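Q: Take a look at this one; I'll ask things after.
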Amino acid sequence: MNDIKVLWVDDEIDLLKPHIIFLEKKNYKVTTAKSGTEALEEIRDQNFDIVFLDENMPGLTGLETLAEIKEYEATLPVVMITKSEEEYIMEEAIGSKIADYLIKPVNPNQILLSLKKNLDHSRLVSEKTTSSYQQEFRKIAMDMSMINTYEGWVDLYQKLVYWELELEGIEDTGMFEILESQKTEANIQFCKFIDKNYPSWFEDYEAPTMSHTLFKNKVVPQLQKGTPTLMVVIDNLRYDQWKAFEPIVTNLYKKSKEELFCSILPTATQYARNAIFSGLMPSEMEKKHPDYWLNDTEDGGKNLYEDKFLEAQLKRLGIDLNWSYTKISSLKQGKRMSDNFRQHKDEDLTVIVYNFVDMLSHSKTEMEVIKELASTDKSYRSLTQSWFKNSPLMDIIQQAAHLGFKLIITTDHGTINVKNPSKVIGDKNTSLNLRYKTGKSLTYEDKDVLAAKDPKSIHLPSINMSSSFIFAKGDLFFAYPNNYNHYVSYYRNTYQHGGVSLEEMIIPFAVLDPK
């Protein structure tokens, strides 16, 4: 360990000689000062790693010295030491962003603990996190080979996301690379599981909650006439992104339920979100609501009638509520909703679809600056968190909390960072999505796709008699042979959805009550 330079400021510093000797034996280099003025001179003359500062000194008080130190070098950690336990002193010190607060008499081990907490914190956390993940790595690898239920995959995915969030802050990038490879292997096994089990879920009463059963199974039990509920559907929101900004929400709300449900295939907005609001699978929507449903190759917006779908579902379920639906796709629309939110206070159900995260993922494809800002899952999470903290949606949620709204936050599907191309050939009527294709006479690599040659088997519409669907596995994306290299270069390392992966299919549903 390089010598860590400590400045200890106390007008009775001579009485602390045993403490200083103790620290010097631990390889800390200690400089002393007997007053605030002397301390400030030392700080201007040399660099210190940390300051121990007595609060009660003649001349400049500890709090006054603290203010001067922070003005001169704002990032220098200062530990306040005081005989007084008066609350106002603690509040003043904490408000001035002290690193720690100790009450006299202090013993050497307290000082040592404070030093380690403030100066070795990152290293100690990094070492402990790395050690813990190394132990967990073997268990996850063993579990992965034995999972045969959806609930088992939910548990494993939650573990992977937990470790992803834990490891992103440590210094050992090697561990993060190991986790990435484990996620890749998990997706390979998950795709096999979906290929084997997905079609049977439509006939099985023990099937997981999916897009078309979410509203009936999970939302309706939360609704109560006379109790306002705000349901926010954030398009394209992954579980890890929800965990990144959950602490912001839980400043206002306490979480009463969190579950992960399964997006239907394709994990694309026109299929998954329409399924949530209609309570129907796409083939049923096409049959029951031909005026509202459009297939991939038909012209027009594919999500224009979510309010109509919701109205029909509520009627079918026999639910009589005062409700509204609003879709927000721009800052202007978000601010308008925020400005007028009090108008919704007497509604039983207020539904908001917020499209920002989806727009962010598409912007990453099209704009170089977003590619730079969201080059990894870590930076993508950070960008989402920053948006949420400063968005009109946060203003809306704050108002909802003050007005006593129950809050439901969910999504229609997730997204995955695509890295590897897979060649596909189709005619001019083949759908354009990079993670799934529907059309006739599709040519593709069998190993790269989950294929539904009979779309009816998974309750999807057929555009014509010989239509089929294919879904990209893991982090693959479809590329046409024409202009192949340009196409691959343009779309590699972008966020896409529509296919089969843990990130796209296992998605959050959270219920929160106002504090």
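Q: Residues that are in contact with a Leu (Cβ under 9 Å, 6 or more places away or on another chain): which strands (runs of 3 or more DSSP E) entirely in the range 424-509 hold 3 or more of them?
A: 449-452, 467-472, 476-479, 494-496
Q: State which residue is surrounded by the most Cβ atoms within 10 Å (Cβ to Cβ) when the search covers only the range 414-429 and only residues that are of a type outside the set (A, V, I, L, M) and more than 33 Å from the chain's Cα centre (by Cα).
A: Just the residues of the range 414-429 that are of a type outside the set (A, V, I, L, M), to begin with: 414-415, 417, 419-423, 426-429.
Narrowing the set further to residues that are more than 33 Å from the chain's Cα centre (by Cα) leaves 426-429.
Values: 426: 19, 427: 9, 428: 6, 429: 13.
Filtering the range 414-429 for residues that are of a type outside the set (A, V, I, L, M) and more than 33 Å from the chain's Cα centre (by Cα), the one surrounded by the most Cβ atoms within 10 Å (Cβ to Cβ) comes out as 426.
Q: Further question: Name every residue in the range 445-481 that is free of Cβ contacts under 8 Å to residues at least 40 places away in the same chain, under 15 Å from residue 286 (Cα atoms) and either in the same structural domain as residue 195 (by TED's automatic domain parsing) or buried (at least 19 other Cβ atoms within 10 Å of the Cβ) (or both), in order of residue number.
A: Answer for the range 445-481, where residues must be free of Cβ contacts under 8 Å to residues at least 40 places away in the same chain, under 15 Å from residue 286 (Cα atoms) and either in the same structural domain as residue 195 (by TED's automatic domain parsing) or buried (at least 19 other Cβ atoms within 10 Å of the Cβ) (or both): there is none.
Q: Could you look through the range 211-258, keep only residues that are surrounded by 16 or more Cβ atoms within 10 Å (Cβ to Cβ) and part of a strand (DSSP E or B), and pick out the one that is farthest from the chain's Cα centre (by Cα)?
A: Here the answer is 229.
Q: Let me ask something additional. Within the bounds of the range 57-79, is there any residue that is of a type in the set (Val, Ile, Thr), out of contact with any strand residue (DSSP E or B) (no Cβ under 9 Å at 6 or more places or on another chain), farther than 17 Å from residue 101 by Cβ and in a helix (DSSP H, G or I)?
A: At the first step, the residues of the range 57-79 found to be of a type in the set (Val, Ile, Thr) are 61, 65, 69, 75, 78-79.
Subset that is out of contact with any strand residue (DSSP E or B) (no Cβ under 9 Å at 6 or more places or on another chain): 61, 75.
Filter once more, keeping what is farther than 17 Å from residue 101 by Cβ: 75.
Narrowing the set further to residues that are in a helix (DSSP H, G or I) leaves none.
Looking through the range 57-79, none of the residues is of a type in the set (Val, Ile, Thr), out of contact with any strand residue (DSSP E or B) (no Cβ under 9 Å at 6 or more places or on another chain), farther than 17 Å from residue 101 by Cβ and in a helix (DSSP H, G or I).
Q: Only one of 146, 142 is surrounded by fewer than 17 Cβ atoms within 10 Å (Cβ to Cβ), not in a helix (DSSP H, G or I) and not assigned by TED's automatic domain parsing to the domain that holds residue 258; which? Outline the logic, then answer.
A: On the way: 142 fails: not in a helix (DSSP H, G or I).
Within the list 146, 142, the selection yields 146.
Q: Still on this structure, please answer the following. All but one of (1) touching a Ser or Thr at 6+ places or on another chain (Cβ under 9 Å); (2) in a helix (DSSP H, G or I); (3) modelled with pLDDT of 75 or more; (4) among the aliphatic types (A, V, I, L, M) hold for residue 357, so report the exception by its number.
A: Answer for residue 357: the failing condition is (3).
Q: Is it fair to say residue 346 is surrounded by 14 or more Cβ atoms within 10 Å (Cβ to Cβ), in contact (Cβ under 8 Å) with a residue 12 or more places away in the chain and over 17 Å from residue 411 (Cα atoms)? First the steps, then the outcome.
A: On the way: surrounded by 14 or more Cβ atoms within 10 Å (Cβ to Cβ): no; in contact (Cβ under 8 Å) with a residue 12 or more places away in the chain: yes; over 17 Å from residue 411 (Cα atoms): yes.
In short, no.
Q: Taking into account only those residues within the range 321-354 that are in a loop (DSSP other than H, G, I, E, B) and touching a helix residue (DSSP H, G or I) at 6+ places or on another chain (Cβ under 8 Å), which is nearest to residue 406 (Cα to Cα)? Explain how you work it out, then say what you get.
A: Taking the range 321-354 and keeping what is in a loop (DSSP other than H, G, I, E, B), we get 321-322, 329-330, 340, 345-348.
Of the ones still in play, those that are also touching a helix residue (DSSP H, G or I) at 6+ places or on another chain (Cβ under 8 Å) are 321, 329.
Working: 321: 15, 329: 23 Å.
Ranking the candidates gives 321 first.
Q: If you don't mind, there's one more thing I want to ask. Being buried (at least 18 other Cβ atoms within 10 Å of the Cβ) and touching a residue at least 60 places away in the same chain (Cβ under 8 Å) is the filter; apply it to the range 22-51 and report the residue that is nearest to residue 107 (Cα to Cα).
A: 23
Q: Inspect the range 398-406 for any residue being assigned to a strand (DSSP E or B) and touching a residue at least 40 places away in the same chain (Cβ under 8 Å) and give the result as yes or no.
A: yes
Q: If you don't mind, there's one more thing I want to ask. Taking the residues in the range 291-319 that are modelled with pLDDT of 95 or more and over 33 Å from the mean Cα position of the chain (by Cα) as candidates, determine which candidate is surrounded by the fewest Cβ atoms within 10 Å (Cβ to Cβ).
A: Here the answer is 318.
Q: Here's a follow-up. Which number in (1) exposed (fewer than 15 other Cβ atoms within 10 Å of the Cβ); (2) outside any helix (DSSP H, G or I) marks the one condition that residue 208 misses?
A: Failing condition for residue 208: (1).
The values are calculated or read from the model by the stated rules, or taken from the named source; none is laboratory data. Please read these numbers as outputs of a predicted model, since none were measured by experiment. For neighbour counting, all protein chains shown are included, and Cβ atoms are generated from backbone atoms with ideal geometry for every residue, glycine included.
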